[in-house]
Amino acid sequence: MDIPPSPAAPENNPDMADAAPDPKAPAVIRREDYAPFAWLVPEVQLDFDLGLDATRVVAKLTVVRNAKADPSPTIRLNGDDIVPLGVSVDGEPTLDWSMDGSDLLIPLSAEAHEITIATQIDPSANTQLMGLYASEGMLCTQCEAEGFRRITFFPDRPDVLSVYTVRMRGDFPVLLSNGNLVAQGTCEDGVPWAEWHDPWPKPSYLFALVAGDLVANSDRFTTMSGREVALNIYVRAGDLERTGHAMESLKASMRWDEEVFGREYDLDLFNIVAVSDFNMGAMENKGLNVFNTKYVLADSDTATDADYDGIEGVIAHEYFHNWSGNRVTCRDWFQLSLKEGITVLRDQLFSQDMGSAAVKRIADVRVLRGAQFPEDSGPLAHPIRPDSYQEISNFYTATVYNKGAEVIRMMRTMCGEERFRAGCDLYFERHDGEAATCEDFVRAMEDGAGLDLSQFRLWYSQAGTPKLSLRLEHEGDAATLHVTQEVPPTPGQPVKQPMPIPLQIALFDRNSANHNGEKLLTITESQASFSFSGYPKEPVVSVNRGFSAPVIIERDVAQEELVFLAAHDDDPFARYEALQDLVVGHLKAAVNGTLDEAAHAEGEAAIAKAIGAVLTDDALDDLMRGELLVLPSETYLAETIPVADPGAIHAAREGLKAHLGRVLAADFHALYDRAEKVPFSLSAEARGARKIKSLVLSYAAASDPAKAAELAAQQYAKADNMTDRQGALMVLCGLENDAREAALKDFYARFTGNALVIDKWFALQASSLHPRVLDHVEALAKHPDFTMKNPNRVRSLHMAMAYNPHAFHDASGRGYRMIADLILALDPVNPQTASRFVGQLGRWRRIEPVRSAMMREQLERIAAVASLSRDTREQVDKSLG
Ligand code: B3K
Ligand code: ZN
């Protein structure tokens with residue numbers, strides 16, 4: 001539970017019993033306070049008179065008393081930054097309404113009414129990018145979670161489901177909304193109009209409208225029952241040629257969801273619109289997904305292989321929401337993981353099937369460890385189903401999304417694919433058309449998949465990453481694995497109960513390097529022991545295979561066992577993990593100063609042997625080889641140390657990279673030479689070759705900068721695709737030489753006008769290992785192409801810097817100051833994006849004292865500003881609290 005700083009319930013806190021509520025303290029919304037809304041809104045009709053600077057909205061709501069809720073003499077309609085220009089009830093204009101804060105209250109006496117409300121908004125002034133806003137001459141909406149209330153007054157909560165009819169007129173060639181186009185034409189004054197109708201009842205957060213001068217890549221899809229669906233991806237005219245991959249990804253997602261989850265699309269039309277100004281990746285509005293251009297546009301000159309993967313995954317994610325999110329939505333925002341956890345799992349499984357399952361699993365675990373583990377061990381830790389919030393936008397987190405996906409993946413591991421499918425089928429069947437809860441999902445899994453999840457429910461309510469300590473005992477022919485588990489305290493949850501942890505293991509015979517099958521152990525207590533007979537020799541244990549549980553494993557394991565597993569484990573994740581453990585163990589000891597010279601050399605030698613084997617193992621494909629060659633990140637290393645010294649971690653990791661680059665130079669370069677000969681294509685082989693080239697360059701940059709600069713400059717000059725070009729420029733950016741300046745200049749000139757590629761130009765410089773990276777970031781913030789109004793640009797520059805430990809944790813504290821300055825400047829413009837930066841400073845308790853004090857000081861500087869948004873205020877107060 002994430003207890004906010006404002007008043008805890010007086011009964012739980014005797015000191016507060018008599019205290020008057022602080023009027024300035026933001027309201028805390030609690031899960032336990034859920035009550036159904038007093039009114040149903042079966043139908044909504046919206047009329048828009050669209051303009052970039054002034055849009056008039058007339059909303060007609062049919063409201064009926066909700067027999068399942070406590071009766072109310074008024075209806076409360078949420079608003080944010082809007083005023084009612086006129087209110088009618090049952091066709092009669094009325095002044096009998098009042099405002100409560102930003103909400104509109106209208107007294108209603110009968111069982112059913114029709115309410116009409118007029119509002120006017122200025123989309124161009126909407127820099128928050130929530131509600132209806134203007135982006136480069138077009139209009140678009142973002143309503144999740146609470147943006148609809150910035151368009152019109154409405155019960156803006158996900159459990160109020162309505163059928164929408166939308167009419168709009170405006171001087172834009174393309175006018176889109178959810179559902180099906182009913183009619184369109186031109187008004188007498190020559191202005192285009194259109195009417196849309198969405199037959200599926202939906203909450204307001206799924207409403208969308210787009211108006212602009214757009215062109216479409218159009219295609220068709222025939223569903224499994226033979227229905228024809230028209231598909232369109234709308235972009236600006238110049239971007240049309242870069243929509244092919246997105247369209248292929250969409251069709252593949254539609255087919256996959258039918259085949260794997262039995263889910264069919266349910267409208268005759270599916271539209272996607274790409275927009276450059278967007279707070280996140282994309283949004284699953286019913287029948288009208290709105291996307292950040294970053295997750296739509298790609299060709300080989302401008303997008304990397306990682307960009308292609310990102311598009312495939314996000315297109316799938318948003319499409320999959322049509323069932324897991326839209327057909328079955330959330331009762332309240334505490335249930336966010338109900339739709340996000342399952343949908344992330346669905347997109348992960350899809351991408352596993354589209355490419356290399358092993359590589360995708362490793363990448364997903366890397367994201368979890370890099371983003372979610374730090375969240376779970378810091379001041380913003382919360383369970384996947386939080387108990388309270390001040391600003392819901394702060395809860396679109398790696399915990400709700402990625403840990404949420406891991407929790408459902410564990411259910412799948414425990415029951416197997418077939419039973420998991422039966423559980424999902426039951427969930428969709430039971431709750432179709434409803435606003436459901438996490439508990440509904442768990443029950444459907446119990447009933448449909450036959451799992452007993454009574455104890456497992458703790459995964460929904462307890463925050464913190466469980467730690468397992470393992471010890472193997474060997475006697476006679478029996479091997480016994482002793483396991484203890486501990487779930488660390490988190491804010492508001494000082495004491496935890498043991499959780500059920502499904503741990504996939506295998507016991508390897510040292511001589512044959514074989515095992516006799518995987519075993520799934522479920523640890524349900526604080527301590528457990530599992531015995532296995534038939535092992536006259538002590539086996540080598542491979543644990544948490546496939547990352548079967550999102551936990552931290554601590555075990556005393558000999559270096560040679562890790563080397564053994566790194567070479568022989570048949571589970572690709574476990575093989576990767578063995579190498580990571582080997583490196584983490586060595587670097588932690590190096591940072592802690594517990595290695596004498598001999599032990600240091602021994603550690604390096606063991607790692608070099610294991611990495612050397614990876615370089616030369618012909619059985620590995622290059623994509624997997626590439627994964628194995630990525631050293632654990634500095635963030636992940638810091639996470640494994642109670643109080644970390646980022647400077648020491650950086651030095652130790654770079655030192656190891658340099659050592660490996662030196663002693664394995666011949667193998668690295670042989671690999672590079674081979675990879676260089678593979679011509680460009682999107683095949684796995686060619687993608688693998690590109691991944692290898694960039695990795696070799698980065699090892700070379702640490703061990704032999706001059707050689708690296710020469711190779712990178714050559715690669716840059718010869719590049720016929722963005723992956724090679726970016727890989728080369730990334731390495732050059734970290735080095736001090738003329739080639740760096742020349743390549744940066746060339747890159748900028750070559751791609752001027754392509755915002756997504758110019759984003760890369762900013763990001764590469766901000767994430768570089770260059771000693772003057774902070775000077776570069778400071779200068780770039782003054783570059784004419786930098787703007788705080790475009791979230792992609794801010795992420796490219798400041799987010800890239802904040803997640804570059806070498807820059808952010810600069811010993812002078814300048815990185816912290818720059819991020820605090822950014823938060824303060826961005827907060828009034830776009831609070832959602834600003835508050836996303838706070839978490840980095842919020843890590844102060846886990847950082848060595850000198851830096852820690854400086855981080856805290858910056859948080860205090862932010863906290864002292866009275867006018868902070870609710871978003872930033874909540875994160876800053878919790879980070880200090
Ligand atoms: N559901 C949206 C996220 C909305 C975020 C609002 N702050 C995208 C997604 O998860 O698919
Ligand atoms: Zn989602």
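The values are calculated or read from the model by the stated rules, or taken from the named source; none is laboratory data. Every value quoted in this text rests on a predicted model; they were computed, and no experiment measured them. Note that each Cβ is placed from the backbone with ideal geometry, even for glycine, and that neighbours are counted across all protein chains shown. When the accessible area is computed, the model is the full protein with side chains, heavy atoms only, and any ligands, DNA or RNA have been set aside. Shrake-Rupley method; radii C 1.70, N 1.55, O 1.52, S 1.80 Å.
Looking at D353, D364, D347, just one residue is in a helix (DSSP H, G or I) and either within 13 Å of ligand 2 (Cβ to nearest atom) or touching a strand residue (DSSP E or B) at 6+ places or on another chain (Cβ under 7 Å) (or both), and that residue is D347. Set side by side, the residues T152, T127, T116 differ, and just one is part of a strand (DSSP E or B), in the same structural domain as N180 (by TED's automatic domain parsing) and not aromatic (F, W, Y), which is T116. What pairs can you find where one residue is in segment 309-337 and basic (K, R), the other is more than 9 Å from ligand 2 (Cβ to nearest atom) and outside any loop (DSSP other than H, G, I, E, B), and their Cβ atoms are less than 8 Å apart, with a gap of 6+ or different chains? Pairs that qualify, where the first residue is basic (K, R) and the partner is more than 9 Å from ligand 2 (Cβ to nearest atom) and outside any loop (DSSP other than H, G, I, E, B), are R327/W200; R327/F428; R331/A435; R331/A436. Once segment 701-723 is narrowed to residues that are free of Cβ contacts under 8 Å to residues at least 40 places away in the same chain and open to solvent by 60 Å² or more (accessible area, probe 1.4 Å), the residue that is nearest to A658 (Cα to Cα) is P705. Here is the figure for segment 350-367: residues that are of a type outside the set (S, T, N, Q) and within 16 Å of ligand 1 (Cβ to nearest atom) total 3. Being farther than 26 Å from P374 by Cβ and either open to solvent by 20 Å² or more (accessible area, probe 1.4 Å) or under 29 Å from the mean Cα position of the chain (by Cα) (or both), is that true of even one residue in segment 641-662? The answer is yes, given that some residue of segment 641-662 is farther than 26 Å from P374 by Cβ and either open to solvent by 20 Å² or more (accessible area, probe 1.4 Å) or under 29 Å from the mean Cα position of the chain (by Cα) (or both).
Can you confirm whether segment 115-126 contains a residue that is open to solvent by 30 Å² or more (accessible area, probe 1.4 Å) and within 15 Å of N790 (Cα to Cα)? Yes - at least one qualifying residue is present in segment 115-126.
Take P784 and decide whether it is under 18 Å from A763 (Cα atoms) and open to solvent by 40 Å² or more (accessible area, probe 1.4 Å). Here the answer is yes, as P784 does meet what is asked. Selection of helices (runs of 4 or more DSSP H) fully inside segment 559-636 by the criterion of at least 3 residues being touching a strand residue (DSSP E or B) at 6+ places or on another chain (Cβ under 9 Å) and either modelled with pLDDT under 95 or not β-branched (V, I, T) (or both) returns 559-568, 572-592. One residue is enough: does segment 520-537 have a residue meeting the conditions without any contact (Cβ under 8 Å) to a residue 40 or more places away in the chain and either among the β-branched types (V, I, T) or in a helix (DSSP H, G or I) (or both)? No: segment 520-537 contains no residue that is without any contact (Cβ under 8 Å) to a residue 40 or more places away in the chain and either among the β-branched types (V, I, T) or in a helix (DSSP H, G or I) (or both).
Selection of segment 566-611 for residues being closer than 21 Å to L695 by Cα and surrounded by fewer than 16 Cβ atoms within 10 Å (Cβ to Cβ) yields only A605. The number of residues in segment 152-164 being within 15 Å of ligand 1 (Cβ to nearest atom) and open to solvent by less than 10 Å² (accessible area, probe 1.4 Å) comes to 2. Criterion first (away from ligand 2 (no atom under 13 Å from the Cβ) and touching a helix residue (DSSP H, G or I) at 6+ places or on another chain (Cβ under 7 Å)) does G310 satisfy it? Against the criterion (away from ligand 2 (no atom under 13 Å from the Cβ) and touching a helix residue (DSSP H, G or I) at 6+ places or on another chain (Cβ under 7 Å)), G310 qualifies. Is it the case, given these coordinates, that S109 is more than 17 Å from F48 (Cβ to Cβ), small (G, A, S), at pLDDT 95 or above and not in a loop (DSSP other than H, G, I, E, B)? Criteria not met by S109. Those helices (runs of 4 or more DSSP H) of segment 675-754 in which at least 2 residues are more than 30 Å from the chain's Cα centre (by Cα), considering only elements entirely within it, cover 684-703, 705-718, 738-751.
Here is the figure for segment 293-331: residues that are open to solvent by less than 20 Å² (accessible area, probe 1.4 Å), within 15 Å of ligand 1 (Cβ to nearest atom) and not in a helix (DSSP H, G or I) total 9.
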